[in-house]
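The numbers here are math on the coordinates, done by the rules we state, and not lab data. Just so you know, these numbers come straight off a predicted model, no measurement behind them. Note: ideal-geometry Cβ built from the backbone for every residue, glycine included; neighbour counts use all protein chains shown.
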Amino acid sequence: MENLHSADKILQFDDAAKGLLEALGKKDPLMKDFVISRFKGVFFDPVAEEKTYNYMLEVSSILSAMASNPGTSIFTEFLYNGISSPLPGDSYVLESRAGRAVRSRLESVEANLFEIFEKNLQEKKNLLIGNFGSGPGRDTINVLSHHYRGRSGLKAIHIDRDRAAINRGIVMAKNRGLDDIVEFSCQSFMKYCPEEKFDIVVLVGVLCSLDFETCVNVLSTIKRTIKSGGLIIASNATPAMKDGDPFAYFLMNWLANWKLEFKNIKIMKKIFEKSGYAWQGSFTEKFGFHLMGIGVSV
């Protein structure tokens, strides 16, 4: 890789990061130098930081969404759909390994949900699915739209306290002709009391910033909503994300104070088992940045 800065010899910025640094350098070389130095942890200039911080948000709708509300579904929806005329910061996020891993996670979740749905439908005629912290529910809506539209026996309920995300999901489901099998509830899934317990609960992107004991509390609390023998699929970021795209994680921390609790398969298995689930296995996406654990409520 050609060097943009002497620090590159040590940091080895990837092409996505180099593109962002080039854009910063064209605007003001001092902003580029500040970001590199801040990333290395060897320099801090509050004046340069404020100027660079403001500019970074000016040149990225995606980073602005992340900074205003870390974890918002607006952030992930940008990653899923892309942007027709991306600004420099947007191009970075979309081309980064971390950004591509989020899109890959969606593909992997959808593929595995279809397999799980099919296996369960071999044993039962009806399937009730809960998508907790769903955002608009793109993953389950995509699976239902592609494979089960017009088929009776399936129903998905999406629970999220973000009204904007719920409204987006309602439109998404209506446009795909899924009004009869997709429902939404705008509230905290931790307080949700279903009329009927779920066969499958999906929990994607919720646990990533939570420590071990908080994760156990979340999974233990929602266990009451799952039938005995029912499944839970829950995701978490892995240490491979921090190791595989440290610059993206640096920007998450710096711009949004968004810190993740990375967990490997061993830790996820312990969380599931301490929460009252029998570990059934896991799957990941092609980058290995996200692990989706599967457990059975016992």
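Summary of computed values
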item	result
Whether the range 13-95 is rounded, prolate or oblate, judged on the alpha carbon gyration tensor where a/c under 1.5 counts as rounded	prolate
Check: the chain dipole with +1 on Lys, Arg Cβ and -1 on Asp, Glu Cβ, in debye	820 debye
Protection proxy ranking, peptides 106-113, 284-291, average beta carbon neighbours within 10 Å, highest first	284-291, 106-113
Of 142, 114, 80, farthest towards positive along the dipole that unit charges on Lys, Arg, Asp, Glu beta carbons give the range 40-151	114
Least to most buried among 104, 96 (fewest other Cβ within 10 Å first)	104, 96
Spin-label model distance (nm) - residue 266 vs residue 192, 7 Å beyond Cα toward Cβ	3.3 nm
For 210, 203, order by how many other beta-carbon atoms lie within 10 Å, fewest first	210, 203
Estimated vicinal HN-Hα couplings, Hz - the range 96-103 in sequence order (Karplus 6.51, -1.76, 1.60; Gly, Pro = x)	5, 4, 5, x, 5, 5, 5, 5
Estimated 222 nm signal from helices in the chain, with DSSP H stretches of n ≥ 4 weighted -39500 (n - 2.57), rounded to 500	-15500 deg cm²/dmol
Inter-probe distance in nm under a simple model that places probes 7 Å from Cα toward Cβ, at residue 40 and residue 124	5.8 nm
